């Protein structure tokens, strides 16, 4: 079985939103291996996270056991533009370490900072994050993402975002977008104009 990965944000000496990461790890391993698991990311990184004012990216590689754990300083990279690409056959329901297919799609980004994947006519995710769209009043997220992210799950549980089907043609009626994942939390000030999403003629 290919190994999976889990990435957790850490700051001020502790992991952020660890329960959502435990849930995803245990659910993924259970579905893949056919038995229950009780991974605990806090136990993995106990006493390892510096209390120094920096933000860290904690990465766990696992299968039916923890293979390795790593800790890296993190600096947020601006993502201001997206290139729409089509990938009807892409499957990434589980967060596998092998990202060959997604990396190949990322190479199609041209001058954009990242890609925005369209599958079966619907907008899904970027290469590394879930999407949030703002219409001027409410925040939406694609109902069927490529990967169900932990930040997305938390925002849904807090009723801060609304899951809907979004087609490329719908973007013209929307206002702005941002990307979220474990390292990039929801920030209402970090949205970019919809015009920064390049939509190929075939999708217009």
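Remarks
- Residue 134 being in contact (Cβ under 8 Å) with a residue 40 or more places away in the chain and under 25 Å from residue 171 (Cα atoms): yes
- Subset of the range 1-27 (residues that are modelled with pLDDT of 95 or more and assigned to a loop (DSSP other than H, G, I, E, B)): 3, 16, 17
- Of the strands (runs of 3 or more DSSP E) lying entirely inside the range 28-138, those carrying at least 2 residues that are within 20 Å of the chain's Cα centre (by Cα) and under 23 Å from residue 8 (Cβ atoms) are 55-62, 66-73, 130-134.
- In the range 47-67, residue surrounded by the most Cβ atoms within 10 Å (Cβ to Cβ) [restricted to those that are free of Cβ contacts under 8 Å to residues at least 40 places away in the same chain and within 22 Å of residue 35 (Cβ to Cβ)]: 66
- Residue under evaluation residue 93, criteria (1) surrounded by fewer than 13 Cβ atoms within 10 Å (Cβ to Cβ); (2) in the same structural domain as residue 157 (by TED's automatic domain parsing); (3) more than 28 Å from residue 157 (Cβ to Cβ), criterion not met: (3)
- Search result, residues across the range 158-195 that are in a helix (DSSP H, G or I) and surrounded by 15 or more Cβ atoms within 10 Å (Cβ to Cβ): 168, 170, 171, 194
The values are calculated or read from the model by the stated rules, or taken from the named source; none is laboratory data. For clarity, every value in this text was computed on a predicted model and none was experimentally measured. Positions of Cβ are generated from backbone atoms using ideal geometry, with glycine treated the same way; all protein chains shown enter the neighbour counts.
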